[in-house]
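Before any comments, here is the structure.
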Amino acid sequence: MMENTIDILGVHIDFVTLAQAEEKIWRFLKEDKLHMVFTPNSEMIMVAMNDPKLQEVLNAANLKTADGIGVVHASKILGKPLKERVAGFDLAKRIVEKLPQTGHSLYLLGGAPGIAETAKQNLEKQYTGIKIVGLHDGYFDVQEEQRIIREINTLKPDIVFVCLGMSKQEKWIYDHRNELKTKLCMGIGGSLDVFAGKAQRAPDIFIKFGLEWFYRLIKEPWRYKRMMALPKFAVTVFLKGKRQK
Ligand code: UDP
């Protein structure tokens, strides 16, 4: 295992703060090749335990940050504490904020029809001068997919945000990594919905105390079944930690 990562149930998470992750991304953008950035949370790590392809995909990324507080807790249980959570949305926001100055171009892929357009409009309003060169919704068939890839390769955006939902977006980026002419592909789940104003992050106070998951449980109680993965994740990490000692 490389020194600057921690193995959490088979997924190697980078030891980076939000600021360091951002730094890495600016460095990636200076290189003329595709970089993959993924932000696994505990749910994704649990899925990857039974999905070797997903595990391979996640570990192939140039940067993997701990999206959820569960992953940060897990690192503590394993005795190699990550400094902080680096949520995909926070990282994406740091990047878009600076795009008007850096001049890098952006393509938005994903979300229900209309979401990427609204996200584009909002981002252009908020960050005057940002170059969003293209977009497509996240519901397409194989033929349409070929068209999207051709479009991306014609536009050659520096960055592509891919929001197709957990595991689908990471696999999509991985499967097309050798075809896509871009420098950075970032899988950022529901972030386009947030940029579009269709979904909200938890209030800061919840995030500060590591309780964003609790906020989401109250707001979207139908997610509770998916959230049952969290206690299972904690127990699995704990047992693994014991075995290592
Ligand atoms: N999504 C998409 N195509 C799909 C499935 C999902 O564009 O085939 C979008 C969905 O509209 C939403 C985002 O992916 O904007 C995240 O979806 P979800 O909340 O289901 O994903 P997760 O929380 O698992 O990342």
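Miscellaneous remarks
- In the context of the full set of protein chains, segment 79-130 has a per residue accessible area of 45 Å² (1.4 Å probe).
- Derived value for segment 113-245: Kirkwood hydrodynamic radius 17.5 Å. Basis is the mean of 1/r over every pair of different alpha-carbon atoms.
- Separation of the D204 and F140 label points, Cα + 7 Å toward Cβ, nm: 3.8
- Only protein atoms count toward the accessible area here, which uses a 1.4 Å probe; on the chain, the carbon and sulfur part of that area reaches 54 percent.
- Label reach from R147 (point 7 Å along Cα→C-beta): in segment 100-128, amide nitrogens under 17 Å belong to 108-117.
- Cα-based shape type of segment 175-241, given that a ≥ b ≥ c are square roots of the gyration tensor eigenvalues and the cut on a/c is 1.5: oblate
- Gyration tensor over the Cα atoms of segment 33-156: the corresponding equivalent ellipsoid has semi-axes (square roots of 5 times the eigenvalues, largest first) of 29, 20, 13 Å.
- Above-threshold pairs, the threshold being 24 Å between Cα atoms, out of K98/K171; K33/K83; K168/K240; K24/K183; K168/K208; K30/K131: K98/K171; K33/K83; K168/K240; K168/K208
- Charge-dipole axis of segment 181-245 as Lys and Arg at +1 and Asp and Glu at -1 on Cβ define it, positive-most pick from I207, A229, L217: A229
- The magnitude of the dipole of the chain, with charges of +1 and -1 set on the Cβ of Lys/Arg and Asp/Glu and taken from the Cα centre, is near 720 debye.
- Each 5 Å bin from zero up to the one holding the largest Cα-Cα distance in the chain carries the following percent of pairs: 1, 6, 14, 18, 20, 17, 12, 7, 3, 1, 0.
The values are calculated or read from the model by the stated rules, or taken from the named source; none is laboratory data. Remember, it's a predicted structure, so these values are computed and weren't measured experimentally. Cβ atoms come from the backbone with ideal geometry, glycine included; neighbour counts cover every protein chain shown. Surface areas here come from the heavy atoms of the whole protein model, side chains and all, with no ligands, DNA or RNA. Shrake-Rupley method; radii C 1.70, N 1.55, O 1.52, S 1.80 Å.
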